[in-house]
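Participant: Take a look at the following structure, please.
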Amino acid sequence: MSRTAAVWMTAVGIVLIALNLRLGISSASALLEQLRAQLGFGPFVASLVPALPTLCFAAVGATGAMLARRVGTERAVLLALAALSVGLAVRAVPRTGALLGGTLLGAAGLALCNVLLPAVVRAHFPARVALLTGVYTTTMALGSAVAAAAAVPVADLVGEASPGLAVWAVPAVLALVVWGLRPGSWRATARGADGGKVSARSAGRTRFGLLVTAFFALQSLNSYAVIGWLPTVLSDHGMSSDRAGVMLGLALVVGVPSTFVLMPLTRTAARLRWAFVLVGAALMAGYLGLLCAPLALPVLWAVLTGFGLGAFPLVLAIIGASGRSAQETAALSTFSQSTGYLLASVGPFGVGLLRSATGGWALPLAVLLALAALQLFVGLRLTLTRTEVSA
């Protein structure tokens, strides 16, 4: 294969991986009430299903840099995609254990892809980090939106929620095949070649690394709370489940144009501050609308909330452009994402428990509104800090 063809295949592989990064999560969110009716699980499991991915992202994501050092980044991505494909397929079995186990295995694959993808982009496209980050986060938003909007109709077409949920393993298998066919994906890597001597913990010893981690944690908490519970918020107020899924899809598809608006603002600290203000204000406005009048203007609340979730590509662009090498990028990515997801894991689970304890959405949405304000504050502090990652 020519070098040009190999580069294009790598780019296509990155896009396909990005397409899968949220499919399994947003489809499960849209089908949560149907799964609960079909499988008969209670509120604890209902709160656990959207919380499992962030917990797994934290636990497994922390091993990303180490795995890349041992087997090579390319092989590590292959292993991640294999775990994702099998995990999503297992959820076809109509049992609560299969739902939870498949979600865990699939989320393990997602966790590794999450932390390795910025390093892959940095290694193969060092001069186009912002462009490729924008492309793959846009693809991620599109995939998530399509899955959220189509999950209920697909499940209805298949006949049940469980096999309908497993349909979303097909794009994961496609990504696995493409990444496995590209040159270099199976190549043996000398131990330490990919990771060097840069440890993930080194990123946590800098002020910049801690601020990136804090921001990543807050935006992840907000993102997974929205993905996990927005349809339920609306359906609890009387909206039909299929329309509530469409509202989540709308919130997620807003990430496509918002990424193109926001990514040019990452080039300077002054512009980045404006980007943080825009996404923070939009997220707070969306939460406020859901809190005060959820069914008055649900399309507007979905659009505002979706634009607010644009903090994700911003922080990924910051991570991808940080450090002096792909190894330092991988270290910062591993530390910020694994630690950030660990802190963020209380979001979907805590929101579910608050809803069960209070019998409504006033307190959960008020807490999320306060966390959105804190996210804005941390983002502004981040723009005032030097981008250092120590070895």
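Laboratory data are not the source of any read-out in this text; all were calculated from the coordinates shown. Note that the structure is a prediction, hence the values are computed from the model and not measured. Glycine gets a Cβ as well: all are built from the backbone with ideal geometry, and neighbour counts include every protein chain shown.
Participant: If you average the alpha carbon positions of segment 251-276 and of segment 52-76, how far apart do those two centres end up, in angstrom?
Facilitator: 28 Å
Participant: Can you put Met284, Met247 in order, fewest other beta carbons within 10 Å first? Don't jump to the answer; show the numbers that get you there.
Facilitator: Working: Met284 21, Met247 26.
The order, fewest Cβ neighbours first, is Met284, Met247.
Participant: Let me ask something else. In the Gaussian network model of the chain, springs joining C-alpha atoms below 10 Å, which of Leu265, Leu81, Leu250 carries the largest mean-square fluctuation?
Facilitator: Of the options given, Leu265 has the highest mean-square fluctuation.
Participant: As an exercise, find the ratio Rg/Rh for segment 243-391 from alpha-carbon atoms, using the Kirkwood inverse-distance average for Rh. It would help to have the intermediate numbers written out before the result.
Facilitator: Details: Rg = 16.6 Å, Rh = 16.6 Å.
Here Rg/Rh amounts to 1.00.
Participant: Still on this structure, please answer the following. Order these by the 10 Å Cβ neighbour count, fewest first: Ser240, Ser220, Ser336, Ser47. Spell out each step's value before the answer.
Facilitator: Working: Ser240 11, Ser220 27, Ser336 31, Ser47 20.
So the residues, fewest neighbours to most, are Ser240, Ser47, Ser220, Ser336.
Participant: Please report the spacing between the Cα centers of segment 118-136 and segment 285-316 in Å, no decimals.
Facilitator: 28 Å
Participant: Would you calculate, for the chain, the mean residue ellipticity at 222 nm contributed by helices, counting each DSSP H stretch of 4 or more residues as -39,500 (n - 2.57) and dividing by all residues, to the nearest 500? Could you put the intermediate results ahead of the total?
Facilitator: Numbers: 20 runs with 309 residues, N = 391.
Mean residue ellipticity at 222 nm (helix-derived): -26000 deg cm²/dmol.
Participant: Same structure again: Counting other C-beta atoms within 10 Å, which of Val277, Val253, Val120 has the fewest, and how do the rest follow?
Facilitator: By the 10 Å Cβ count, ascending, the order reads Val277, Val253, Val120.
Participant: Using 0.36 nm times the number of residues separating Val12 and Asp236, minus their current alpha carbon distance, what extension gain do you get?
Facilitator: Stretched out fully, the Val12 to Asp236 stretch lengthens by 76.6 nm.
Participant: What is the sum of charges, Lys and Arg at +1 and Asp and Glu at -1, for the other residues whose Cβ falls under 15 Å from the Cβ of Gly310?
Facilitator: On the way: positive: Arg22, Arg271, Arg273; negative: none.
Cβ neighbours under 15 Å give a net charge of +3.
Participant: Mind telling me which of Gly101, Gly72, Gly360 comes out most flexible in a GNM of the chain, alpha-carbon contacts under 10 Å?
Facilitator: Top of the fluctuation ranking is Gly360.
Participant: When the expected Rg is taken as 2.2 N^0.38 Å, what fraction or multiple of it is the alpha-carbon Rg of segment 217-318? List each step's numbers first, then the result.
Facilitator: Numbers: Rg = 13.7 Å, N = 102, 2.2 N^0.38 = 12.8 Å.
Dividing the Cα Rg of segment 217-318 by 2.2 N^0.38 Å gives 1.07.
Participant: Among Phe349, Trp179, Leu384, whose Cα lies farthest out toward the positive end of the dipole of the chain, if unit charges sit on the beta carbon of Lys, Arg (+1) and Asp, Glu (-1)?
Facilitator: It is Leu384, whose Cα lies furthest towards the positive end.
Participant: Tell me, what ³J(HN,Hα) does each residue in segment 344-354 have, in order and in whole Hz, if you take phi through Karplus 6.51 cos²θ - 1.76 cosθ + 1.60 with θ = phi - 60° and put x for Gly and Pro?
Facilitator: 6, 4, 6, x, x, 5, x, 4, x, 5, 5
Participant: What's the magnitude of the charge dipole for segment 10-162 around its Cα centre, counting Lys and Arg as +1 and Asp and Glu as -1 at the beta-carbon? Answer in Debye, nearest 20. The partial results should precede the final answer.
Facilitator: Values: 9 positive and 4 negative charges, 98 e Å.
Taking the Cα centre of segment 10-162 as origin, the dipole is about 480 debye.
Participant: Which whole-angstrom value gives the distance between the alpha carbon centres of segment 214-237 and segment 338-356?
Facilitator: Value for the Cα centre distance between the two parts: 9 Å.
Participant: Can you work out the FRET efficiency for the pair Gln38 and Leu363, with r the C-beta to C-beta distance and R0 = 35 Å, to the nearest 0.05? Mind showing how you got there, number by number?
Facilitator: Values: r = 29 Å, r/R0 = 0.84.
Rounded to the nearest 0.05, the efficiency is 0.75.
Participant: If only Cα atoms are counted, what is the Rg of segment 31-156, and what is its Dmax, in Å?
Facilitator: Gyration radius and largest Cα-Cα distance of segment 31-156: 16.3, 51 Å.
Participant: How long is the gain from Asp156 to Leu181 if the chain were fully straight, where each residue apart is worth 0.36 nm and the alpha carbon distance is subtracted? Display every interim value, and only then the final one.
Facilitator: Working: separation 25, 0.36 × 25 = 9.00 nm, distance 3.44 nm.
5.6 nm is the gain from fully extending Asp156 to Leu181.
Participant: Right, another one. Treating only the Cβ atoms of Lys and Arg (+1) and Asp and Glu (-1) as charged, compute the dipole magnitude of segment 199-342 about its Cα centre; round to the nearest 20 debye.
Facilitator: On the way: 8 positive and 3 negative charges, 125 e Å.
So the magnitude is around 600 debye.
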